[in-house]
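Quick notes on the structure that follows.
The values are calculated or read from the model by the stated rules, or taken from the named source; none is laboratory data. Nothing here was measured: the structure is a model prediction, and the numbers come from that model. Counting neighbours? That spans all protein chains shown, and the Cβs are built from the backbone with ideal geometry, glycine included. Surface accessibility is based on the protein's heavy atoms, side chains included, excluding ligands, DNA and RNA. Shrake-Rupley method; radii C 1.70, N 1.55, O 1.52, S 1.80 Å.
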Amino acid sequence: QVQLVESGGGSVQAGASLRLSCVMSGDTLENNYMAWFRQGPGKERDFVAVISLYGVTILYADSVRGRFTIGRDLAKNTLLLQMNKLKPEDTAIYFCAAGPKLQRAARWYDHWGQGTQVTVSS
């Protein structure tokens with residue numbers, strides 16, 4: 001049974017950095033396309049970034065490209081999201097997800113974590 005557990009969220013000022021982690025159990029990162037999504041207050045769950053099976057292909061949402069970096073620590077079976085130059089509009093619950101395809105749409109992902117809150121104040 002696949003489980004995903006996120007951590008690393010918090011409350012920060014605009015311009016600060018945070019690093020989110022997502023530990024996978026029940027499978028390995030290399031068997032899955034791993035992604036980050038976020039859901040702001042009253043909004044739909046939006047794509048943030050995805051990394052392919054071998055880490056060769058990475059896609060980002062336009063809103064985070066150049067500020068966020070998705071990565072993997074294979075030894076710890078952990079997905080990472082380094083978030084720099086945070087803005088108030090980045091405020092959301094951040095979810096990691098695992099799925100069988102390199103896709104931006106949430107419906108393609110089979111497994112989800114419970115989410116971690118990121119709050120950015122101006």
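The combined condition, being touching a Leu at 6+ places or on another chain (Cβ under 9 Å), farther than 18 Å from V5 by Cβ and open to solvent by 50 Å² or more (accessible area, probe 1.4 Å), is not fulfilled by E44. Among the residues of region 24-46, the one identified as of a type in the set (A, V, I, L, M, F, W, C), in a strand (DSSP E or B) and in contact with a helix residue (DSSP H, G or I) (Cβ under 7 Å, 6 or more places away or on another chain) is F37. Of all residues in region 6-23, those satisfying the criterion of being of a type in the set (S, T, Y) and either part of a strand (DSSP E or B) or closer than 15 Å to W112 by Cα (or both) are S7, S11, S21.
With the structure loaded, tell me whether G55 is small (G, A, S) and at pLDDT below 95 or whether it fails that test. When the stated conditions are applied, G55 passes them.
At least 2 residues being small (G, A, S) is the threshold, and among the strands (runs of 3 or more DSSP E) wholly inside region 76-122 those reaching it are 92-99. Take the conditions (1) modelled with pLDDT under 95; (2) open to solvent by less than 60 Å² (accessible area, probe 1.4 Å); G113 misses just one of them, which is (1). When A75, A106 are screened for being closer than 21 Å to Q3 by Cβ, surrounded by fewer than 19 Cβ atoms within 10 Å (Cβ to Cβ) and without any contact (Cβ under 8 Å) to a residue 60 or more places away in the chain, only A75 passes.
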